[in-house]
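First comes the structure, then the notes that go with it.
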Amino acid sequence: MIQLKTIDEIRLMKQSAQLVSKTLGMLAKEIKPGITTLYLDKLAHDFIKDHGGEPAFLGYGGFPNSLCISPNEQVVHGFPNKEEIKEGDVLSVDCGAVLNGFVGDHAYTFEIGEVKPEVKQLLKITKESLYKGIEQCIRGKRIGDISHAIQIYCEKEGYGVVRELVGHGVGRQMHEDPQVPNYGRQGSGKVIKDGLVIAIEPMINLGTEKVKFHNDGWTVTTFDNKPSAHFEHDVAVVNGKPVLLSTFQYIYDALGIKSDEEKPFQMEI
């Protein structure tokens, strides 16, 4: 059952989401060739705790870390480890934090130095598809409208849209109803209402949409071992329109990136 949130709850959820956004912005300054993903995990854990939160992923279903870090062909749920990041890698960093009793859940795929042009384009289109989905978060539309918008935007570029992994509602629990696939039919699924809060997260592959689930119970990679991209925002529906609770701005400030992509979805609440 979908748990619609009050405006006061949405304000608290924005604080949770913004803590995750700030954590990713802090990490953006540290991500470079030669550092390990386990080092990033420790930084994120300490940052979240120092700001009054709890890492949402740590211990969730037995997951042993505070971040899911998934390089290159890993789609999601990668374990931080002692391997060094290399020039030309791409790195999906998925972070969650609990603050005020609510979960923030947010992800960004980073370029490590100079990446191949076709991989850079994959990241560009995947991130743009996220906002195509957010545009559909309008009262009276349906979840399938979000899914369809993401799917057609990515598939027209020839990319594989992952089927087995989806976005989701978020609130006091990290995974709530409804599921938010990145593929689907217009006009299908649950009706979007004020108070809906969801994590929209396109997971898009350079090649086939097929994925492999590994024996560790978590790691998911592309079936053809080509790179994958993953971007995620927490979005609330307020007064009939989509409002971003999370932001990439802290990342952009750290990396010197200029962007106004979030402007249509920013609103005081």
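The values are calculated or read from the model by the stated rules, or taken from the named source; none is laboratory data. Being a predicted model, the structure only gives us computed values, none of them experimental. Note that each Cβ is placed from the backbone with ideal geometry, even for glycine, and that neighbours are counted across all protein chains shown. Calculation scope for accessible area: heavy atoms of the full protein, side chains included, ligands and nucleic acids excluded. Shrake-Rupley method; radii C 1.70, N 1.55, O 1.52, S 1.80 Å.
Taking all Cα pairs closer than 8 Å and separated by 6 or more residues, the relative contact order of the chain comes to 23 percent. Note on the chain: helix-only mean residue ellipticity at 222 nm, from DSSP H runs of 4+ residues weighted -39500 (n - 2.57) and normalised by residue number, equals -9000 deg cm²/dmol. Note on GLU111 and ALA254: the model spin-label points, each 7 Å out from Cα along the C-beta direction, lie 1.7 nm apart. Net charge of the neighbourhood of GLY187, taken over other residues with C-beta under 13 Å away and scored Lys/Arg +1, Asp/Glu -1, is +3.
For the chain, the dipole from Cβ point charges (+1 on Lys and Arg, -1 on Asp and Glu) about the Cα centre works out to 600 debye, to the nearest 20.
Inter-label distance, VAL191 to THR208: 4.1 nm, where each label sits 7 Å from its Cα along the C-beta direction. Separation of the alpha carbons by more than 23 angstrom is noted, of LYS120/LYS210; LYS156/LYS258; LYS29/LYS86; LYS14/LYS241; LYS42/LYS82, for LYS156/LYS258.
Solvent-accessible area of region 137-269 (1.4 angstrom probe, protein heavy atoms only): carbon and sulfur portion equals 47 percent. Of all aspartates and glutamates in the structure, the ones whose alpha carbon falls short of 12 Å from that of LYS132, not counting any fewer than 8 places away in one chain, are ASP145, GLU201, GLU261, GLU262.
Solvent exposure of the chain amounts to 44 Å² per residue of accessible area, where only protein heavy atoms count and the probe is 1.4 Å.
Given 0.36 nm per residue, what is the gain on full extension from LYS49 to GLU262 after removing their alpha carbon distance, in nm? Don't skip to the end; give the middle numbers.
Values: separation 213, 0.36 × 213 = 76.68 nm, distance 2.74 nm.
Using 0.36 nm per residue and subtracting the Cα-Cα distance, I get 73.9 nm.
In this view, the solvent-accessible surface of ASP260, computed with a 1.4 Å probe and all protein chains in place, comes to about 120 Å². Cross-link partners of LYS116 among aspartates and glutamates, defined as those whose alpha carbon lies under 16 angstrom from its own and excluding same-chain residues fewer than eight positions apart: GLU73, GLU87, ASP89. Legend: calculated FRET efficiency, TYR60 to LYS32, from the Cβ-Cβ distance at R0 = 25 Å, rounded to 0.05, equals 0.35. If only the Cβ of Lys and Arg carry +1 and only the Cβ of Asp and Glu carry -1, the dipole of region 37-136 around its Cα centre is close to 120 debye.
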